[in-house]
Structures are given as C-alpha cells and as structure tokens.
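**Student:** Just dropping this structure here.
The values are calculated or read from the model by the stated rules, or taken from the named source; none is laboratory data. Computed from a predicted model, the values in this text were never measured in an experiment. Cβ placement follows ideal geometry from the backbone for every residue including glycine, while neighbour counts extend to all protein chains displayed.
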Amino acid sequence: MHILTGLTYYRPHTSGLTIYAERMARAFARRGHEVTILTSQDDSRLARLDCLDGVTVVRVPPLMRVSKGLLMPGMPSMAWKLARRADVVNLHMPQLDAAYIAWIGKMMHKPVVLTYHCDLRLPHGLIHSVANQVSHAANHVAAWGSDAIVSLTRDYAEHSPYLIQYMNKLHVLDAPVELVPAGEADIRAFREKFGIRTGQRIIGMAARLATEKGVEFLVQALPQVLEHIPNARLLYVGTYQNVVGEEEYAARILPLIEGLKDHWSLLGNLSPVEMTAFFKTLEVLVMPSLNSTEAFGLVQVEAMSCGTPVIATDLPGVRVPVKMSGMGKIVPVGDAGAIAQAILRILAEPERYRGNEAEIKHKYSPYVIAAGYEKLFEDILQKRV
C-alpha cells in the first residue's frame with residue numbers, strides 16, 4: 001500500500017504531532033508499505049526531496065509565515081501529483097492545507113483519513129485570531145472530504161467542539177510510543193553530562209516553552225517542594241528559545257526560571273538515547289498543560305514505559321494514561337499548590353505509583369497501532385468494492 005501522509009512540519013522540527021507522524025511513518029515502512037511525507041521546507045537548509053528511515057519526504061518551500069502556519073503556493077500542485085500515486089491519504093491536523101488535500105484525495109476516489117491531534121488555540125492578537133478562524137474553517141472542509149477521523153482518545157473527542165460534530169466518522173487509535181534503548185552506561189553518561197549528583201531528587205518536564213504548557217505553574221510549585229525537599233532539582237527538556245509565536249511568553253517565564261538557580265536546569269533538545277536516559281533518571285514527570293491544545297501528551301507514556309510516574313492536569317485526553325495505568329496523579333488545571341503536593345506525595349511513596357511497563361510498551365507500540373490504521377484503510381477500501 002502507498003500511503004501519502006500530509007502535515008505542516010516534519011522532522012527535524014520537534015512537536016508531539018511531528019513525533020507521532022514520524023513514528024507511524026517508520027512503522028508503516030517496517031510493515032512493508034511505501035510511505036511519502038508531504039510537508040513544508042520550513043528551513044531552507046533542508047532538502048526538498050529526502051529519504052529518512054525508508055520514508056520519502058517531499059518538502060514544499062513556504063512563501064510566508066502567518067502565526068504558526070505557512071503559506072505554500074506550491075503545495076496544491078504537489079499534493080495533486082503525489083495523491084495520484086497514493087492508495088490512501090492520511091492528513092495530520094490541524095493544518096491549513098488539509099482542506100484542499102482532503103478534497104484532492106476525494107476527487108481521486110482515494111480513502112482520506114484525518115488524524116486529529118488537538119484543537120488549535122493561538123495566543124491573543126488580531127493575526128492569531130484570524131489564523132484561528134481560518135484553521136477552524138479548514139478543519140471542517142477537511143472533515144467533509146474525509147472518510148474517517150482518528151482521535152487518540154474518546155475522552156478528548158467527546159470534549160472537542162470540533163470532533164463532537166463528526167462522531168459518526170470517529171475511530172480511536174492509541175498514540176505511538178517508541179524509545180531508543182538506554183543502558184546503565186548511557187544513564188551514567190547522562191548524569192555526568194548534566195551534573196546530576198547522588199541524592200538529588202529529580203523531577204522532569206519535557207515540552208516546548210509555550211503558553212499552553214503551563215510552565216509557570218511548575219515554576220510556582222517548585223519553591224513549595226524545596227521547602228520540604230531542599231535537594232530537589234527540575235530538568236526541563238525541549239526548545240526554550242525562539243519558539244515561534246511564544247516570544248512574549250518566554251520573556252516573561254525565563255527570568256522566573258533563572259530565579260530558581262541550580263534547582264531548574266534547561267537541557268534543550270536531547271538525542272534519542274539521552275531522552276530515554278532522561279526518563280529513566282526522573283523520579284516523576286510533570287505535565288502542567290492548560291487547555292485543549294494538549295490532547296494527550298506523548299511524553300507521559302514515554303515516561304511510564306520507563307517506569308516513571310506522571311503528574312498530569314485534569315484535561316480531556318491528557319488524564320487518560322494516568323487513569324488507565326495508575327502511574328501517577330491527576331491535578332486541577334493551573335493549580336501550583338496541587339502540583340507541589342502531588343510531587344511530594346509521589347517522591348514520598350514511589351512504589352505506590354509503579355505500573356506494568358511491558359503492558360504499556362505493547363499497548364502503545366507503533367507497530368501495533370500501524371496495524372490498526374491498516375485495518376481502517378482496508379475497511380474503507382472494502383466498502384468501495
């Protein structure tokens with residue numbers, strides 16, 4: 001089967017959506033499918049035609065950027081060309097281009113499956129407001145042209161103003177989690193590289209520095225933790241400089257982080273092995289997300305697959321892994337005190353929050369989830385016979 005996958009950003013850009021798409025593309029390729037990624041050349045240094053892990057990547061140069069979106073005049077013709085060769089079109093949303101790509105697929109009688117990651121909520125401002133409205137309209141146009149819509153959880157779908165309108169097309173498939181193995185030597189190297197001392201109580205967060213991630217509430221919680229555990233240290237992994245559309249937020253948050261001195265370490269982006277070592281080093285991972293832009297949180301399942309418990313906010317979709325596994329605590333949205341208390345509780349009773357790592361790895365295996373997508377594709381094709 002030839003699968004055409006469309007999304008605005010792909011690797012090396014890092015976000016939950018791009019990581020999901022990359023893992024599924026690799027899994028499809030391993031299962032013998034031909035996979036083509038259609039995306040933007042968001043960095044002019046990237047090749048327009050590439051091959052990564054057995055997956056063909058076609059990048060279209062943008063004319064201009066609008067908020068977090070890109071205008072790419074060359075995208076429709078490229079989508080038409082690639083869709084003609086494809087057996088199935090799978091679009092990751094939100095993305096502006098999904099509207100016309102879905103209809104290109106529909107006109108060519110190709111199964112069109114949307115993977116809907118989250119409701120888009122951009123910061124306040126005229127440009128962001130217009131971008132929000134255009135994105136919402138594009139989402140609906142894409143839905144009308146689709147055969148099926150995939151959501152990561154039913155919990156999120158039932159609370160999404162968008163997905164609730166298309167429950168007749170909804171299919172729930174788990175999120176793919178796949179980590180590069182890290183042995184004891186890798187973990188030692190990680191600890192040495194970042195100066196992690198014996199006896200330190202290590203808390204973690206992994207996310208872009210973005211408004212919806214709720215970093216400020218973890219910043220507020222940490223001093224409360226330090227009152228009881230003076231040797232606590234927070235490791236923050238992810239892009240924290242020059243995040244598109246988050247310049248004002250960074251200017252407000254980074255000085256607060258600097259005030260925590262050695263108790264908060266900004267590690268930036270890590271290699272795949274270092275990322276696994278990071279999860280295995282933590283005693284607890286915190287996800288203080290604030291709104292429906294966060295629909296699941298791949299990092300929490302990555303942490304759980306390494307035996308690390310999680311604190312997640314009580315948001316639709318986001319709360320599902322903790323509820324399913326029992327590996328952590330759920331806290332109210334925007335409540336620094338509750339985050340601090342949850343951290344202290346887990347650090348005091350870590351064994352209470354252990355789960356079945358093997359079961360979690362199997363449930364969220366990209367190979368298993370790819371099989372679920374295959375069945376969905378085949379069911380759509382079968383109905384057309």
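**Student:** Could you pull out the residue among Ile202, Ile196, Ile187 that is in a helix (DSSP H, G or I) and either more than 19 Å from Ala303 (Cβ to Cβ) or over 20 Å from the mean Cα position of the chain (by Cα) (or both)? Please lay out each step first, then the result.
**Tutor:** On the way: Ile202 fails: in a helix (DSSP H, G or I); Ile196 fails: in a helix (DSSP H, G or I).
None of the other options fit; the residue is Ile187.
Let's see how each residue does on (1) closer than 21 Å to Ile346 by Cα; (2) not polar (S, T, N, Q):
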residue	(1), (2)
Tyr162	no, yes
Arg197	yes, yes
Gln200	yes, no
Ala206	yes, yes
Val219	yes, yes
Ile229	yes, yes
Val237	yes, yes
Tyr240	no, yes
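**Student:** Would you tally the residues in region 154-183 being out of contact with any helix residue (DSSP H, G or I) (no Cβ under 8 Å at 6 or more places or on another chain) and either surrounded by fewer than 17 Cβ atoms within 10 Å (Cβ to Cβ) or in the same structural domain as Tyr240 (by TED's automatic domain parsing) (or both)?
**Tutor:** Total satisfying the criteria: 5.
**Student:** Of these, Glu357, Glu294, Glu283, Glu351, which one is at pLDDT 95 or above and of a type in the set (D, E, K, R)?
**Tutor:** Values: Glu357 fails: at pLDDT 95 or above; Glu294 fails: at pLDDT 95 or above; Glu351 fails: at pLDDT 95 or above.
Exactly one residue qualifies, and that residue is Glu283.
**Student:** Every residue in region 6-40 that is under 20 Å from the mean Cα position of the chain (by Cα), assigned to a loop (DSSP other than H, G, I, E, B) and either surrounded by 23 or more Cβ atoms within 10 Å (Cβ to Cβ) or at pLDDT 95 or above (or both), please.
**Tutor:** Leu7, Thr8, Tyr10
**Student:** Report every pair of residues separated by at least 6 positions or lying on different chains whose Cβ atoms are under 8 Å apart, first residue within region 276-302 and free of Cβ contacts under 8 Å to residues at least 60 places away in the same chain, second of a type outside the set (Val, Ile, Thr) and crowded, with 24+ Cβ neighbours inside 10 Å.
**Tutor:** Gln300/Leu285; Gln300/Met287; Gln300/Ala312; Gln300/Pro321; Gln300/Gly328
**Student:** While we're here: Take region 19-35 and flag every residue that is without any contact (Cβ under 8 Å) to a residue 40 or more places away in the chain and closer than 14 Å to Phe296 by Cβ.
**Tutor:** Hits for region 19-35: nothing passes.
**Student:** From the residues in region 141-150 that are in a strand (DSSP E or B) and touching a residue at least 60 places away in the same chain (Cβ under 8 Å), which one is surrounded by the fewest Cβ atoms within 10 Å (Cβ to Cβ)?
**Tutor:** Among residues in region 141-150 that are in a strand (DSSP E or B) and touching a residue at least 60 places away in the same chain (Cβ under 8 Å), the one surrounded by the fewest Cβ atoms within 10 Å (Cβ to Cβ) is Ala148.
**Student:** If you check Asp262, Asp186, which single one turns out to be surrounded by 15 or more Cβ atoms within 10 Å (Cβ to Cβ) and of a type in the set (Asp, Glu)?
**Tutor:** Working: Asp262 fails: surrounded by 15 or more Cβ atoms within 10 Å (Cβ to Cβ).
Only one candidate qualifies: Asp186.
**Student:** Kindly state which strands (runs of 3 or more DSSP E) lie completely within region 269-385 and contain at least 1 residues that are touching a Gly at 6+ places or on another chain (Cβ under 8 Å) and crowded, with 23+ Cβ neighbours inside 10 Å. Reasoning before the result, please.
**Tutor:** Working: elements: 284-287, 310-313, 328-331.
Fully inside region 269-385 and qualifying: 284-287, 310-313.
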